[in-house]
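What follows is a short report on a single structure.
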Amino acid sequence: MVTDGVRHAMRRAVCGLLDLLFPDECRICEQPLHEISRIPVCLYCLKQPQALDAEFFCRTCRTPFLNRYPLDETGQCSLCRLGLNGFDDVYSAGAYEGNLRKLIHLFKFEGVRPLARPLGNFLAQVLPREQRFDAIVPMPLHWRRRWQRGFNQSELLAREISRRWNVPLRSPVRRKKATVPQAGLTSAQRRKNVQGAFEVKRGPRLDGLSILLIDDVLTTGATASACARALKRGGAARVSLLTLARRDRRGGMDVQTNSLASAAGGS
Ligand SMILES: [Zn+2]
Ligand SMILES: [Zn+2]
């Protein structure tokens, strides 16, 4: 008969061994982890993020605004009205802050690849059920960036969506230009930075297809827009953008004014 004391000692020994193999606390809230998992994050921190809340937002790109002034009578922002956004609609799971931001960091920069599954789940939940797509396309990385990181985070996410919905995964565009990091650039500089960054690969055309483009974080949309335009050059009829997070720039500078200055030939 095994006494409580022996059982307790055995459990301690097993737990000690597991602590060596698995992290014992959540990498986000630092609470002890009770389940054995390849994901070092507790269930609480893996909850579906809250949708970005805004009273005013563009009906096409869903950019949030502080007031209705940047929107026209149809509810579109100036970038969408002028056709500067290459995508037709945008969905994001939440704002790029708090837990979602930390999860993306663990996934993308610390290489916690098993997070692709719960993050893919976040993505699947924000898309309206009635939406139908012919192909799922991950935002391509330049080969050098991909080689440095060892994986393309958008591709892991796109694979999850593709598997879940049984929609084919395709990679019809290539990132031919190793663009300088976009952080710290204005919206206009970002657009310039990604100009000509994408090209359509040789292969079957995308004629008439409705495409779901997957990316991790949406900032100004300049990169996603350039990629969406490349997909349309390849024949795509519609490009919807789905991202995990979106930076809420309402507290920052007026990015739309900057973009328009550049579109109009200003500097
Ligand atoms: Zn936690
Ligand atoms: Zn818009």
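The values are calculated or read from the model by the stated rules, or taken from the named source; none is laboratory data. All of these numbers come straight from a predicted model, not from anything done at the bench. Cβ: placed from backbone, ideal geometry, glycine included. Neighbour counts: every protein chain shown.
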If ALA54 satisfies every condition in (1) at pLDDT below 90; (2) more than 16 Å from ligand 2 (Cβ to nearest atom); (3) in a loop (DSSP other than H, G, I, E, B); (4) of a type outside the set (D, E, K, R) but one, which is the exception?
(2)
Filtered residues of segment 41-75 (kept if more than 16 Å from ligand 1 (Cβ to nearest atom), of a type in the set (A, V, I, L, M) and under 23 Å from SER154 (Cα atoms)):
ALA51, LEU52
Give just the number: which of (1) at pLDDT 80 or above; (2) of a type in the set (Val, Ile, Thr); (3) out of contact with any Gly (no Cβ under 9 Å at 6 or more places or on another chain) does VAL200 not satisfy?
(3)
Pairs please, first residue from segment 95-121 and of a type outside the set (Phe, Trp, Tyr), second anywhere and within 16 Å of ligand 2 (Cβ to nearest atom), Cβ atoms under 8 Å, 6+ apart in sequence or on different chains.
ALA95/LEU52; ALA95/ARG246; ALA95/ARG247; ALA95/ASP248; GLU97/ASP248
LEU66: passes all of (1) of a type outside the set (Val, Ile, Thr); (2) surrounded by 20 or more Cβ atoms within 10 Å (Cβ to Cβ); (3) touching a Lys or Arg at 6+ places or on another chain (Cβ under 6 Å) but (2)
Residue satisfying condition, being within 16 Å of ligand 1 (Cβ to nearest atom) and farther than 21 Å from ILE214 by Cβ, within set SER78, SER37
SER37
Let me spell it out: the conditions are (1) within 21 Å of the chain's Cα centre (by Cα); (2) away from ligand 2 (no atom under 16 Å from the Cβ); (3) β-branched (Val, Ile, Thr), and THR63 meets all of them except one. Which number is the exception?
(2)
Can you name the residue in segment 15-31 that is acidic (Asp, Glu) and either closer than 29 Å to THR243 by Cα or modelled with pLDDT of 90 or more (or both) and is also farthest from ligand 2 (Cβ to nearest atom) among such residues?
GLU25
Please state which of the following conditions VAL137 fails to meet, knowing it meets all the rest: (1) closer than 13 Å to VAL41 by Cβ; (2) surrounded by 21 or more Cβ atoms within 10 Å (Cβ to Cβ); (3) of a type in the set (A, V, I, L, M, F, W, C).
(1)
Neighbours by Cβ (under 8 Å, 6+ apart or cross-chain): first from segment 43-66, of a type in the set (Val, Ile, Thr); second in a strand (DSSP E or B) and modelled with pLDDT of 90 or more
THR60/ASP89; THR60/VAL90; THR63/PHE57
For segment 71-95, name all the residues that are within 18 Å of LEU218 (Cα to Cα) and touching an Asp or Glu at 6+ places or on another chain (Cβ under 7 Å).
ALA95
Spot the failing condition for HIS34; the list is (1) surrounded by 14 or more Cβ atoms within 10 Å (Cβ to Cβ); (2) modelled with pLDDT under 90; (3) more than 16 Å from ligand 2 (Cβ to nearest atom), and only one is missed.
(1)
Helices (runs of 4 or more DSSP H) completely within segment 127-220 that count 1 or more residues being aliphatic (A, V, I, L, M)
153-165, 187-193
If we keep only residues of segment 71-104 that are outside any loop (DSSP other than H, G, I, E, B) and within 11 Å of ligand 2 (Cβ to nearest atom), then the residue nearest to the chain's Cα centre (by Cα) is VAL90
Please state which one of ARG145, ARG164, ARG190 is crowded, with 21+ Cβ neighbours inside 10 Å and either among the charged types (D, E, K, R) or under 16 Å from the mean Cα position of the chain (by Cα) (or both).
ARG190
